[in-house]
Structures are given as C-alpha cells and as structure tokens.
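Have a look at the structure below before the remarks.
The values are calculated or read from the model by the stated rules, or taken from the named source; none is laboratory data. The structure presented is a predicted model; accordingly, all values stated were derived computationally and were not measured. Virtual Cβ from ideal backbone geometry, glycine too; neighbours counted across all protein chains shown. Heads up: the accessible areas ignore ligands, DNA and RNA and are worked out on the full protein's heavy atoms, side chains in. Shrake-Rupley method; radii C 1.70, N 1.55, O 1.52, S 1.80 Å.
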Amino acid sequence: QVQLVESGGGLVQAGGSLGLSCAASGSIFSINAMGWYRQAPGKQRELVAATTSGGSTNYVDSVKGRFTISRDNAKNTVYLQMNSLKPEDTAVYYCNAVVVTTFGPATFRYWGQGTQVTVSS
C-alpha cells in the first residue's frame, strides 16, 4: 500500500558527510511524521531524527548539531544530512513514516528497507 525507498548511505571516513533520502509512494492521503532510525549491531533501534508535517523537528542528543533532517511535503520525501560523522554513527539507517492512507482515517507506520552507513576511524 505504501512503500518507502531509501537512497544514500555508504562508507565514509570520520569527519566526513553523507546524505540519505527516503521517498514515500503508494496509497498516501497524508503523512503526519517522517523520520530516521538507526540500529547498530547488538543494539536496539533508536530514533535519530524526526519531522512533522508542520516542520517541527527533534533529534537524539548524540547527533544534535551534526545531523539535519528536512522534508519535501510535495514529494513525500525526507532527507537526512549527516556531517562530522563519527565511527559510533555506524549503523543501518531506516526511514519511517506515519501515514494516513487513502483507505481511511487510521494512521499506519511504515519502514524503509534500511541503508548501511559505515564510518571508518
């Protein structure tokens, strides 16, 4: 019904930058919130950054000042610009969207397939 397709990620040296993007498509009436989560080996998935349709944002403390989330509502796309990357940022990054579908007023949470970000020291 709804698909999230991520792009970006890869391998970068510490101090470098990477950008992620995630485009939502399908039976979308509206998207309430979009965000990025990450999961490192042996750790729980954690919220990295999120943004609402109104433009408010929140970040996990460890990325504040280094990562920037943005959103293009017309394209149903969310971006994550990651600067000053650290080895501890290494993880699989997952896009997430809370969607109101065209089938009714209920909201559903959808996930992207995940993209690997590796930061070498």
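Tabulated data for the structure shown
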quantity	calculated
FRET efficiency for W111 and S84, using Cβ-Cβ distance with R0 set to 25 Å, rounded to 0.05	0.40
Highest-MSF residue in the chain out of G55, G104, G35 [GNM, Cα springs under 10 Å]	G104
By accessible area with a 1.4 Å probe, ligands and nucleic acids excluded, highest first: order of W111, W36	W111, W36
Net +/- balance of residues flanking A14 in space, Cβ distance below 14 Å, scoring K and R +1, D and E -1	0
Carbon + sulfur, % of accessible area of the range 16-60 - ligands and nucleic acids excluded, 1.4 Å	51 percent
Surrounding net charge for W111, when Lys and Arg each add one and Asp and Glu each subtract one, Cβ distance under 11 Å	+1
Solvent accessible area, Å² - S84, 1.4 Å probe, full protein context	60 Å²
Counted charge near N96, where neighbours are those whose Cβ lies closer than 14 Å (Asp, Glu -1; Lys, Arg +1)	+2
Per residue, in Å², the accessible surface of the chain once ligands and nucleic acids are set aside, probe 1.4 Å	51 Å²
Per-bin percent of Cα-Cα distances, the chain [5 Å]	2, 12, 23, 24, 19, 10, 6, 3, 1, 0
